[in-house]
Amino acid sequence: MSNENQKPTSPTEQAQSSDKVSPFLNSPLPQGTPQGQQQTLQQTLTDTPVNGSVPKYNLPRGAGNTGNVGETTHFGYSTVRTEDKAQKVAEVFHSVASKYDLMNDLMSFGIHRLWKRFAINMSGVRRGQHVLDIAGGTGDLAKVFSREVGPQGHVVLSDINESMLNVGRDRLIDAGCTNVDFVLANAETLEPFADNSFDLVTISFGLRNVTDKDAALASMFRVLKPGGRLLILEFSKPVFEPFSKLYDLYSFTALPIMGKLVANDSESYKYLAESIRMHPDQRTLKGMMENAGFQNCDYHNLTAGIVAVHRGFKL
């Protein structure tokens, strides 16, 4: 029976279950936090309603300290200081959080659901396993993983952006996913998580927003158990040239217009299109995974390479 059909525990039962230390964290969680509604190490998410006074662009400790101070990196097609990129990405996702799922359906004509289903099928997730979903946002993958690992398993939904994590937290709690924790964390360090903690690490449409991708891949390798696997679902490079030109036309014209009409934010969706073009292609990302220590790496193109699923193992 899936967790979604289980009766929610009472506040008393939840409080009793929260006295233990999460096996994934380097530090104990604060006491008295209901299971499935865990606090981050920096602040309480459960006390901050999604539609309430969410602190803008609240980042976990060290989120902006990527690279050397004074160096520059890309933010879409713009050049920004390395230490400023995390803040700018946070602003984008704070702006679009409430309309994120609707825009995903509109932009991809619903195909993103098939991409995610393919990735989940490739994950090999099993009952009783421990899963970390990085940049998990509104919780699409985490919700499925919660059901697949069952009551004896555990899922951590992690994101650097508090607004997105709030949306995902509320969705999963409403769905009865009591085996999920919610942690604000920077993918480049995964600082809250202990070494060798997870059977599966996933990141879906989030890696392209990370400033230091090599550092993030190294951190993912660190928190995986030996024998565990990493799964990356991300926009990639179309492999059919005529289709690529049509895709560019759609991305740079239709996406900003939809963003303006639906989310009242065209600039964030202009950044989305640009960030996709700046992301490493399939072969380059595979090489980066191998450099981080992953073995038996492969990738699978979806929709003519618009999206690719990369997979690697920690042996």
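The values are calculated or read from the model by the stated rules, or taken from the named source; none is laboratory data. What you see is a predicted model; the values in this text were computed from it and never measured. Cβ placement follows ideal geometry from the backbone for every residue including glycine, while neighbour counts extend to all protein chains displayed. Surface accessibility is based on the protein's heavy atoms, side chains included, excluding ligands, DNA and RNA. Shrake-Rupley method; radii C 1.70, N 1.55, O 1.52, S 1.80 Å.
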Quick one: 3J(HN,Hα) in Hz for the range 260-273, Karplus 6.51/-1.76/1.60 with θ = phi - 60°, rounded, Gly and Pro as x. 5, 6, 8, 10, 6, 7, 7, 5, 5, 7, 5, 4, 4, 4
Over 20 Å between Cα atoms: which of Lys85/Lys314; Lys213/Lys245; Lys116/Lys237 fall into that group? Lys85/Lys314; Lys213/Lys245
By the gyration tensor of its Cα atoms, with a ≥ b ≥ c the square roots of the eigenvalues, what is the shape of the range 72-312: rounded for a/c under 1.5, prolate for a/b over b/c, or oblate? rounded
To the nearest 10 square angstrom, what accessible area does Phe145 show with a 1.4 Å probe? 0 Å²
Overall dimensions of the range 106-187 by Cα: Rg and Dmax, Å: 12.3, 36
In nm, spacing of pseudo-spin labels at Phe118 and Asn196 (7 Å Cα→C-beta vector): 3.5 nm
Across Lys143/Lys270; Lys225/Lys286; Lys143/Lys286, pairs whose alpha-carbon gap is larger than 23 Å: Lys143/Lys270; Lys143/Lys286
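Expected output is a single nm value to one decimal: the length gained when fully extending between Lys245 and Ser108, i.e. 0.36 nm times separation in residues minus the C-alpha distance. What is it?
Fully extending the segment from Lys245 to Ser108 adds 47.7 nm.
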Estimated inter-spin distance, Ala304 and Gln152, nm [label 7 Å along Cα→Cβ]: 4.7 nm
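Using the reciprocal of the averaged 1/r over all distinct C-alpha pairs, how large is the Kirkwood radius of the range 197-248 in Å?
Numbers: mean 1/r = 0.0781 Å⁻¹.
By the Kirkwood definition, the hydrodynamic radius is 12.8 Å.
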